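A quick write-up on the structure given underneath.
The values are calculated or read from the model by the stated rules, or taken from the named source; none is laboratory data. Quick caveat, the model's predicted, so the values are computed rather than measured. Note that we place each Cβ from the backbone using ideal geometry, even for glycine, and neighbour counts take in every protein chain shown.
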Amino acid sequence: MELFLQPLTEIHLPEITVYNRLNESGNKKIVYAFMGAALFIILLSCVNFMNLSTAQFTKRIKEASIRKILGLGKKELSINYFMEALAFCLIALLFAVCLTQILLPGFNFITGKSLTFNLFSNSELLIALPSLMLIMASLSCSYPAFFLSGFNPVQAIKGKLKTGKEGATFRNGLVVFQFSASIILIICTAIVYQQLNYVSNRDLGFNKENLLVIKDVQSLKNGESLLNATLTIPGVSKASWCTSLPPTIYGGDKFSADGMNKETFPLNFTTADENFIPTLEIGIKFGRNFSKDIPGDEDRVILNEAAIRKIGWDMNESAIGKFITTPDGDIKYEVVGIMQDFNYWSLQSPIEPMAIFHIKGKNVFGIGENQFIALRVEAKGLQGWETLVSELTTLWKSQAGDYPFQYEFVDQAFAETFKAQQQFGSVLSVMASLAI
């Protein structure tokens, strides 16, 4: 274990993700990505206004020429163009405020947030929006004001005005910027969706489908009794009693192992019975699973491939029969099996060393504060699921009384850990569409 301090103000957006935190933390990279996309869109709109203004040059050149002949100087013309841009920005701001009020519920639905837009009760918005309007007006009118006010009016009226190579190059550069920014957002959105699709469809190393979890089994006098009773319900093929399971394996400590010369390594773990691996359909690479017919298995351990690599043992049968020990060396666990690596945290987390201890072990790694029963059930339609849940509820009440029956599906729990990334992809798509 490692003790450290973390400022309260950094809990929501930490530099390094801290597990067992007070709340679900956000991701700074996602925030920065949205800020970057928003800045792109603002710049695109400014550039678009510049391009449209300069594209109307031939229509407005005579108007500007007459103004200059009547005595308006370059400064006054520039102010006129600024006021014109400011008027457009003000109209756009009014439309934007109205559209935000209309579209905010839909945006909240996409992002899973509960954002509110109270313009007059938010002093920061009251300062930020007019400031943004002035900045955008200044950017939008900068080149048109320079371009449309810095010419010879007599030559313009005679039709002999040349735009010059510099002006054309600058305008072409603006067009290239527009297309480049839009293409960058499109490419980023496509990459994000490819990654989301890859992660959501990749093999987790176990079968998360049709896996139902009963919570709060520790509230019963005898969790094993409920376990055996669930197997009598039609449609339940396998059941396991455990203290945690994917995507929330939260046990962990430091261990040593044969050949490590008392050096330690971090090891995540859960405790479970001999039905855990068959119920989750995790593959055994070497050795065997726990056996109910071998009482000594209650003080043995099964490791994953990542743990074997971390220790430095050969990935073969030679690892079976070796021992891992607590740091003080007081308790030893014989390795009886090596299971294949599987995702036991969120889909984004790397697979780290993990162990399964027997839930009936006589040591501190036995029964934990929280207990669960994982059920492998047959695929059912809506009515079949309702019937199954109803039967489980009745069975629960017969053993737990008024204690509430709570359950979840493992595939839904995994989807919840992936929710923020999916929302990121949806919002990025909206912003890319605005850019286009």
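Does residue 201 fit the bill of being more than 27 Å from residue 337 (Cα to Cα) and not hydrophobic (A, V, I, L, M, F, W, C)? For residue 201, the condition - more than 27 Å from residue 337 (Cα to Cα) and not hydrophobic (A, V, I, L, M, F, W, C) - is met.
Could you tell me which residue of region 375-408 is surrounded by the fewest Cβ atoms within 10 Å (Cβ to Cβ), considering only residues that are closer than 12 Å to residue 212 by Cα and out of contact with any strand residue (DSSP E or B) (no Cβ under 8 Å at 6 or more places or on another chain)? Walk me through how you get there before you give the answer.
First, pick out the residues of region 375-408 that are closer than 12 Å to residue 212 by Cα: 375-379, 385, 388-389, 392, 406-408.
If we keep only those that are out of contact with any strand residue (DSSP E or B) (no Cβ under 8 Å at 6 or more places or on another chain) too, we end up with 379, 385.
Values: 379: 9, 385: 16.
Top of the filtered list is 379.
Scoring residue 346 on the criteria (1) part of a loop (DSSP other than H, G, I, E, B); (2) within 24 Å of residue 256 (Cβ to Cβ); (3) among the small types (Gly, Ala, Ser); (4) in contact (Cβ under 8 Å) with a residue 60 or more places away in the chain leaves a single failure, condition (2).
When residue 369 is tested against the conditions (1) within 34 Å of the chain's Cα centre (by Cα); (2) loosely packed, with under 12 Cβ neighbours inside 10 Å; (3) in a helix (DSSP H, G or I), the lone failure is (3). Applying the condition of being in a loop (DSSP other than H, G, I, E, B) and among the acidic types (Asp, Glu) to region 372-402 and asking which residue is farthest from residue 356 (Cα to Cα) yields 402. Residue 360 fulfils the conditions (1) surrounded by 17 or more Cβ atoms within 10 Å (Cβ to Cβ); (2) assigned to a loop (DSSP other than H, G, I, E, B); (3) of a type outside the set (Gly, Ala, Ser); (4) under 36 Å from the mean Cα position of the chain (by Cα) except for a single criterion, (4). Just one of the listed residues (290, 269, 286) is over 31 Å from the mean Cα position of the chain (by Cα) and in a strand (DSSP E or B), namely 286.
Selection of strands (runs of 3 or more DSSP E) fully inside region 182-261 by the criterion of at least 1 residues being of a type in the set (Ser, Thr, Tyr) and surrounded by 15 or more Cβ atoms within 10 Å (Cβ to Cβ) returns 236-242, 251-257.
Yes/no per residue for (1) at pLDDT 75 or above; (2) loosely packed, with under 13 Cβ neighbours inside 10 Å:
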residue	(1), (2)
6	yes, no
26	no, no
39	yes, yes
62	no, no
73	no, yes
105	yes, yes
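Filtering region 293-312 to residues that are in contact (Cβ under 8 Å) with a residue 24 or more places away in the chain and either among the hydroxyl-bearing types (Ser, Thr, Tyr) or not in a helix (DSSP H, G or I) (or both) leaves 300, 301, 302, 303, 304, 312.
On the given criteria, is residue 433 closer than 30 Å to residue 175 by Cβ, among the small types (Gly, Ala, Ser) and in a helix (DSSP H, G or I)? Before you say what the answer is, go through the steps one by one.
Working: closer than 30 Å to residue 175 by Cβ: yes; among the small types (Gly, Ala, Ser): yes; in a helix (DSSP H, G or I): yes.
So residue 433 passes the test.
Let me confirm something: among 355, 420, which residue is farther than 30 Å from residue 233 by Cβ, touching a residue at least 40 places away in the same chain (Cβ under 8 Å) and assigned to a strand (DSSP E or B)? 355 is the lone residue from the list that is farther than 30 Å from residue 233 by Cβ, touching a residue at least 40 places away in the same chain (Cβ under 8 Å) and assigned to a strand (DSSP E or B).
Of the residues in region 46-58, none is under 30 Å from residue 266 (Cβ atoms), assigned to a helix (DSSP H, G or I) and at pLDDT below 80.
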